[in-house]
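Visitor: What follows is a single structure, and I will ask about it in a moment.
Just so it is clear, none of the values below were taken in a lab; they were calculated from the coordinates. Just so you know, these numbers come straight off a predicted model, no measurement behind them. Backbone-built Cβ (ideal geometry, glycine too); neighbour counts: all protein chains shown.
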Amino acid sequence: MTGQQKKNEACRRKLARRNTAIVTGFVMLLIISFIISMNTGYTRLSPLDTLRTLLGGGTDRESLILFEFRLPRIIISMLVGAGLALSGCIIQGISKNPLADPGLLGINAGAGLMVILYVMFFGTQSFLSVFTLPFLAFAGAGMTAVLIYTLALKKDEGIAPMGLILTGVAIQAGISALTTLLVVKLDEDKFNFVAAWQAGSIWGSNWRFVMVLLLWLLFLIPYVLYKARVLDVLNMGDDVACSLGAQVEGERRRLLAASVALAASCVAVSGSISFVGLIAPHLARRLVGPRHVILLPACALTGAVLVSAADTVARVIVQPAEIPAGIMVAIIGAPYFLYLLAKSR
């Protein structure tokens, strides 16, 4: 091994150790966020009360608060953050557009339209909504993604990054207008539900929704991690990817479907939370670099910490009322998006 090769190997090992330390730091932040969230709320539980309740020694009231209200909501917020962050990372990878995000492109709006149609016809208390909403949201998000992809795709040029953003914004505006027309026809109970959903309130905070969302993510996340190297190849450009033997359009469509499924399943239980798919990939990319083998896990952890922290703050900042987590994320995400937009001109 030559001197240059030894230096390169030493640099790779140093980078691997650094990335491992960063991912470990994210895991620790997630654990800290989880602990703080369990002890935070309108009804105060001390750390000792929480620990005693987790071990089965709490009162009926403490068990009800922790196991039926807080834990499902905390777990869903973390799963939603991880799913939306991965969805955004995939979209940015296949479109080579750092401003892409499932919320900004209208994918969340498409999923939301189907959710609102379901609420109009079947109400908010249907037991089947636990199982049907993710599929309906996926159908709405999928049709929206296909429309955006078709309109943004240029023959012999592929997807134009800024064209993707503009097409997505236009589609989102149209879907939002249609959604508004439908919402004004709802009765008071359905209207209140839809209003909370559109603001990004984590409404599906029970164990049934946890299990359904977990099943979707347990299927989708391993597939996305398996395709990490494919995303690296696609980032090199279509010509290079083809020369390396990648089926560019086929891989791009499959990854887009995975991204849409991740966003739709999360939106179905959390409402419309935007900017997570924009902020988390950018923060993770700055810390661990562009290689998707490490970027995807870092994205998932960043998104989980972001939504979990936002939901915790939203629950306590104006007690006894609550602010939807989507609004807290937007407070951070909107200025950050404007900064990225100005930076990319």
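Visitor: Calculated from DSSP H runs of 4 or more alone, at -39500 (n - 2.57) each and per residue, what is the 222 nm mean residue ellipticity of the chain, nearest 500?
Guide: Helices in the chain give a 222 nm mean residue ellipticity of -25500 deg cm²/dmol.
Visitor: May I ask you to order 9-17, 321-329 by the average number of other C-beta atoms within 10 Å around their residues, highest value first?
Guide: 321-329, 9-17
Visitor: Under 29 Å between C-alpha atoms is the cut-off here; go through the chain and count lysine pairs that meet it, provided they're at least eight residues apart or on different chains.
Guide: Summing the qualifying lysine pairs gives 11.
Visitor: Mind ordering 80-91, 278-289 by average Cβ neighbours within 10 Å, highest first?
Guide: 80-91, 278-289
Visitor: Also: Rounded to the nearest 0.05, what FRET efficiency do residue 69 and residue 338 have when you use their Cβ-Cβ distance and R0 = 30 Å?
Guide: Efficiency computed from Cβ-Cβ geometry: 0.25.
Visitor: May I ask you to derive the relative contact order of the chain, considering only C-alpha pairs under 8 Å and at least 6 residues apart, and to give it as an integer percent?
Guide: 31
Visitor: What ranking do 99, 151 get, fewest neighbouring Cβ atoms within 10 angstrom at the top?
Guide: Placing the least packed residue first, the sequence is 151, 99.
Visitor: Could you order the peptides 298-311, 104-117 from most to least packed, using the average number of other C-beta atoms within 10 Å per residue?
Guide: 298-311, 104-117
Visitor: Can you work out the FRET efficiency for the pair residue 11 and residue 225, with r the C-beta to C-beta distance and R0 = 35 Å, to the nearest 0.05?
Guide: Calculated transfer efficiency: 0.90.
Visitor: Another question, then. With helices defined as uninterrupted DSSP H runs, which ones in the chain have an alpha carbon span along their own long axis of at least 20 Å and mean Kyte-Doolittle hydropathy of at least 1.0?
Guide: Within the chain the helices that satisfy the rule are 71-95, 107-122, 129-152, 161-183, 207-226, 292-316, 325-344.
Visitor: Averaging over every viewing direction, what projected area does the convex hull of the Cα atoms of the range 205-345 cover, in nm²?
Guide: If I average the Cα hull's projected area over directions, I get 9.9 nm².
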